[in-house]
Every structure is written in C-alpha cells, then in structure tokens.
Amino acid sequence: MHVVPTIVSPGVWDTSKVSLVEFIAAIRLTGIATMLHRNAQQNGVQLILDVDGLSMGQITNFTPRCCSYLFSLMDYCTPVVTKGLHVVNNGMLFNVLFSTLKPFMSRDLRSKTVMHGKSWHSLAKHIKPRFLPPKYGGSSSAPDYDGELFAKLFQHYEGYFNEYDSYGFTGNPDSK
C-alpha cells in the first residue's frame, strides 16, 4: 500500500503578495489535485506540514477561525482520506501556538497528528523513506517543484476545477 505524501510549506508564503484567501485556495486546489492520484484515492494521504521559516507575520494570519475552517476542509470537504498529519521543522514557539489550535481539530485529526521536529527517523516510522524527498531523510527521486510550475498545472486543469466548484454549495454562508 502506497499512501501519497503531500507537503505543505507555509513558511515560504509571501503574505505581501498572496492573501490568506488565495493561500487557502491554493491549499484547497492541492487537495483536489491530489485526489486525482489513484493511490491517494485508494489509500489516502499523509500530509507533511513543514513549518520551517514560519514567521510571526504568517502565524498571525492563522486565527482560530481560519484554522477551524482549514481543519473542517481536511475533515469534511476533501474527498481524500487524511491518514496522518506530520508536522516537521517545528520548534517550541510553533508547538505552543499549535496547542492553542488543537481544540479546533476533530478528535480523529488530533489522533493522526504527529510532531516530528527535525527527527527524520521519527517521520520514517510513518512514511516509508522511499516516498520521502531527501530533505526529509528519504530517497525519493521525485523532483521538487516550485510554485510557478504548480500554477501552470492548475491553469491547465482550470476547466476541471471550475466544474468541480459547480457542484454543491456555492453561496456565501453569511448572506441571507
């Protein structure tokens, strides 16, 4: 069984160029794109949250309301099963901040969350090293793509994403 590892690195997010709404939209598109992978559909995903370089400016955007929304997306609105949430490159400051957000996570997601710090050995207990990039102690030869390539990929599948968005709830929950 091959569970697809998906990496999110909020520490590289430039808040002066990309709004929180756009950042969340990119995470959502990544989830939708991941679900197109056959192994993700069959076996789920292992989400790696790499918080290296996360600044206070970025952290202040992740309010309890925002995090509650993100956790709800993961739990209830993404048609891929999250098998694990692995936080890497986390330090004491992030751990303290994360503990304030835990109450907004479902019990199921909390039980799947593991803090690894910089312990690649610990991460390898959950995700086989052959599926991890070398920067996480793995041996995967999959290339490390930059944001520009992902933007082109998302533009290529824009029609699919628009069709996907046409299903279900499309209104603003705050409007009457």
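The values are calculated or read from the model by the stated rules, or taken from the named source; none is laboratory data. Quick caveat: nothing in here was measured; it's all calculated off a predicted structure. All Cβ positions, glycine included, derive from the backbone under ideal geometry; neighbour counts span all protein chains shown. Ligands, DNA and RNA are excluded from the accessible area calculation, which covers all protein heavy atoms including side chains. Shrake-Rupley method; radii C 1.70, N 1.55, O 1.52, S 1.80 Å.
Write down the accessible area per residue of the chain in Å², having rolled a 1.4 Å probe over the full set of protein chains.
Accessible area per residue: 62 Å².
Given the peptides 31-42, 59-70, arrange them by the average over their residues of other C-beta atoms within 10 Å, most packed first.
The peptides rank, most packed first, as 31-42, 59-70.
Looking at 115, 11, 82, which one has the Cα that reaches farthest to the positive end of the dipole of the chain (charges on Cβ: Lys, Arg +1; Asp, Glu -1)?
115
Taking all protein chains as present, what is the carbon and sulfur share of the accessible area of segment 79-147, in % to the nearest whole number, probe 1.4 Å?
Carbon and sulfur atoms account for 58 percent of the accessible area of segment 79-147.
Using only the alpha-carbon atoms of the chain, report the extent along each of the three principal axes, biggest first, to the nearest angstrom.
In descending order, the Cα extents are 50, 35, 33 Å.
With all protein chains present, how much of the accessible area of segment 1-58 (probe radius 1.4 Å) comes from carbon and sulfur, to the nearest whole percent?
C and S fraction of accessible area: 57 percent.
Dipole of the chain, Cα-centred, from +1 at each Lys and Arg C-beta and -1 at each Asp and Glu C-beta, to the nearest 20 debye?
Here the size comes out at about 720 debye.
Given the DSSP H assignment, sum -39500 (n - 2.57) over each helix run of at least 4 residues in the chain and divide by its residue total; what's the result at 222 nm in deg cm²/dmol, nearest 500?
Counting only the DSSP helices, I get -11500 deg cm²/dmol.
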